[in-house]
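Shown next, in structure tokens, is the structure this report addresses.
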């Protein structure tokens, strides 16, 4: 693997920029906004709520004209979050503070993912939310007056934290969220960047209500960094081949996201970060990655929430490592776009790997168990499974076929074209 890779805009940040810009006063210019289908679901929802969204593909810019914190309007139809858990969970926090009723749902996969984790704290704030079996979309949210709460999260989740903070913009005081493990902090950084009053103390974040005059959200001109979660596929691909030398440009390196780089380094990867800069509160840089022999190891405990999106790629690398890869404490993988533990086990076994499935993870044997064989992969409609096995197939014996490969478009529409370009060098 040789050459330079320019990543799509960060998904997590694109979602949040679109939502907060829709609440701001004026027109925000969002450069390098993610092309992922998930993020365009968010744009569609904000447009349905009254924000003006204009997409300039030629110049890679999305312009969002906000309605102001009190200006969203009721949608005449149910909001469609598509396949995006981030869209439905974060937007529920905003909708809880509106003076109208909204229905929001998504595709078949999204309707299987748990929503009680956000419904609980939002109800505690005074929101009225109904869901199928009191846990699943479609959701019906009766917005209204919210009360500020001090919420202690039972499990680490950036989406739950963000939903409560966004609802806190419309509460009657100062809302605080305390998390057991520090998770990605894009929401609080962006709220501060747009003009909200935010306080941070250890693992606790507080947001002051806009209704009480604590700050105003003002439109901004911002650039979205490259998606670190997407960079992981290129880091993994480089590690498979000794002579690899790639540069991944303009990557978002928020300190709450870079545990994955530390983990790769601990496994033996050769990664150098260069050309640091800080823009709009976020750290950005280039990654230089060389081929390396990975030793493998155990991923568990407090690491899991910090690398949850990257675990499929790490598991699929297991057969190429010396010791194999063991993942524990990752029950959350069961309720992602697919049951990712089951999907990983099934497809690794198709390729001839030795895998042990566990309720909270899996154990993948290392290279001594034999070389992977090309196989037909069923990603179960899950973008990260599709891309992880495409990378694993690069070094397998024989051809690997990824069924339903278009599902990669949920987060990385150009992935396979980019993979072909890099492989031709």
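Just a few scattered comments:
- Over the chain, all Cα pairs binned in 10 Å intervals from 0 give whole-percent P(r) values of 5, 23, 32, 25, 12, 3, 0, listed from short to long.
- Residue 150/residue 76 FRET efficiency (R0 56 Å; Cβ-Cβ; nearest 0.05): 0.95
- Cα-based convex hull volume of the range 48-148 per residue, rounded to whole Å³: 109
- Backbone N under 18 Å from the residue 199 label point (7 Å along Cα→Cβ), restricted to the range 111-147: 147
- Cα-based Rg / Dmax (Å) for the range 154-214: 10.7, 32
- Only Cα pairs under 8 Å and 6+ residues apart enter the sum, and on that basis the relative contact order of the chain stands at 14 percent.
- Peptides 324-330, 238-244, ordered by how many other C-beta atoms sit within 10 Å of their residues on average, highest first, read 324-330, 238-244.
- Binned Cα-Cα distance frequencies in the range 11-223 - 5 Å width, integer %: 1, 8, 17, 22, 22, 17, 10, 3, 0
- Relative to its Kirkwood radius, the Cα radius of gyration of the range 125-249 gives an Rg/Rh of 1.10.
- Note that the range 228-423 carries a Kirkwood radius of 16.7 Å, evaluated over its alpha carbons pair by pair.
- Start at zero, step by 5 Å, and the Cα-Cα distances of the range 1-53 spread as 4, 21, 28, 22, 11, 5, 4, 3, 2, 0 percent across the bins.
- For residue 116 and residue 142, the difference between the fully extended length at 0.36 nm per residue and the C-alpha to C-alpha distance is 7.8 nm.
- The Cα center of the range 296-334 and the Cα center of the range 44-87 differ in position by 35 Å.
- Rg and Dmax of the range 360-425, based on Cα coordinates, read 12.8, 39 Å.
Bear in mind that the values in this text are calculations on the coordinates, not laboratory data. All figures in this text were calculated on a predicted structure; none of them were measured in a lab. Quick reminder, even Gly has a Cβ in these numbers, built from the backbone with ideal geometry, and neighbours come from all protein chains shown.
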